[in-house]
Amino acid sequence: MSQDTGPAVVPTTAGPTTATADVGSAHAAAADFVKYEALGNDYIVIDPHRTGFEPSPHNVQLACDRHYGLGADGLLYGPLPAEHGFRLLTFNPDGTECGKSGNGTRIFARYLRESGYTESEEFTLHSAEGPATVHIVDAAAGLVRVDLGTASLDSRAAGASGPARTMVREPLRAAGQSWEATCVHLGTPHCVIPLVGPADEALARRVGAAVRDHELFPGRTNVELLDVIDRENIRIEIFERVAGYTLASGSSACAAAYAAHTLGLTGPHVTVHMPGGQVGVDIDGAGRISLVGEVHPVLQGRWAPRIARLLSGRAAPA
């Protein structure tokens, strides 16, 4: 497949080979974007081989805006050069770069496989937080596993103020109530709050916003309200530090599972139930965390000419 003739914004890897280009027949080479969802957690994939796109904060915000753009919880830009495997840039909807996204990584793995970049069932994806091994468990069902590495309970990694400490069952006053917080860093910072009984969207929005903006977290944090069903099942509600209330998050599912296991509430293998659906999380003997679940394409298309000019950097925003 020949590369797009538009201006190259970022150096890229070689495109799909002729021998494997038909693997991604569902994604025409002419498409400017492909949108995927993982349990309602949606991402736009922008492939620099196929369209001109300047990944600036303004352009990411515009693409992810649900009124003026396509709308998404984030944007995945790649593949980009990597010594081994593939590299991608992951962006939050406000245009800031995200260190690691569990669902975003799994979505991008499916895109690479379907678009003919690889026929391997297992390969490496590099992000700002380092490499992650992905495994296509069932291509037809869209089932993808990712190894997210090890988590940290260190307050400095979790972006918390105050002296260095392990943040387990730390008292926290927010939204007019007292809570116990266990903070986890897994590429991004998370604050997990165990509850007695299930949470709902209203509680997640109220408590999540208060904890996210708490002075303890000067750079904000992702918030998970945790309800332990049994030793093998947990339920969470999520309020992300950028996207706000979210139906599902792979990294949040892993952070909550790790916190529950650390607190002795669950075993090392759990199913995490979220409003958008469920995923499996495994914690091995070395503390490495893996996430498995389905991802699915939603739509693909072309930008309208005016938007295409803005996103390629060839025109200044009005």
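The values are calculated or read from the model by the stated rules, or taken from the named source; none is laboratory data. In this text the structure is predicted, and so the values were computed from the model without any measurement. Methodologically, a virtual Cβ is constructed for each residue, glycine included, from the backbone with ideal geometry; neighbour enumeration extends over all protein chains shown. Please note that ligands, DNA and RNA were not included when accessible areas were found on the heavy atoms of the full protein model with its side chains. Shrake-Rupley method; radii C 1.70, N 1.55, O 1.52, S 1.80 Å.
Working from Cα pairs under 8 Å separated by at least six residues, relative contact order for the range 171-278 is 24 percent. Each Lys and Arg adds +1 at its Cβ and each Asp and Glu adds -1 at its Cβ; summed about the Cα centre, the range 41-93 shows a dipole of about 40 debye.
Multiplying the residue separation of Gln278 and Leu265 by 0.36 nm and subtracting their alpha-carbon distance yields 2.8 nm.
Hydrodynamic radius of the chain by the Kirkwood approach over all distinct alpha-carbon pairs: 19.9 Å.
Here the chain carries DSSP beta bridges of which approximately 80% are antiparallel, counting only pairs with both residues inside. Rounded to two decimals, the Cα radius of gyration of the range 184-318 over 2.2 N^0.38 Å is 1.26. For the range 236-300, the Cα gyration tensor yields ellipsoid semi-axes of 22, 14, 10 Å (square root of five times each eigenvalue, largest first, whole Å).
Using Cβ point charges alone (K and R +1, D and E -1), the dipole size of the range 195-245 about the Cα centre works out to roughly 180 debye. In this structure, Arg205 and Glu121 have a Cβ-Cβ separation that, at R0 = 35 Å, corresponds to a calculated FRET efficiency of about 0.35. Normalising by residue count, the range 105-215 has a Cα convex hull of 147 Å³ per residue.
Its alpha carbons give the range 20-172 an Rg and a Dmax of 16.9, 55 Å. With helices as the sole contributors, the chain gives -5000 deg cm²/dmol at 222 nm; each DSSP H run of n ≥ 4 counts as -39500 (n - 2.57), and the sum is divided by every residue. Between Ala199, Gly187, Pro163, the Cα set farthest toward the positive side of the dipole of the chain (charges on each charged residue's Cβ, about the Cα centre) is that of Pro163. When you restrict to C-alpha pairs under 8 Å that are six or more residues apart and normalise by the size of the range 87-202, the relative contact order lands at 18 percent. Once you reduce the range 51-104 and the range 154-197 to the center of their Cα atoms, the two points are 28 Å from each other.
Short-range pairs are left out: with C-alpha atoms under 8 Å and at least six residues apart, the relative contact order of the chain is 18 percent. In a simple Cβ point-charge model (Lys, Arg +1; Asp, Glu -1; nothing else charged), the chain has a dipole of about 680 debye relative to its Cα centre. Springs between Cα atoms under 10 Å define the GNM used for the chain, and in it the highest mean-square fluctuation of Ala204, Ala141, Ala256 occurs at Ala141. Note on Glu97 and Ile229: with the Förster distance fixed at 35 Å, the Cβ-Cβ geometry gives a FRET efficiency of about 0.50. Element breakdown for the chain at a 1.4 angstrom probe: carbon and sulfur atoms account for 51% of the accessible area.
Label positions at Ser178 and Asp213, each projected 7 Å from the Cα along the C-beta direction, are separated by 2.5 nm.
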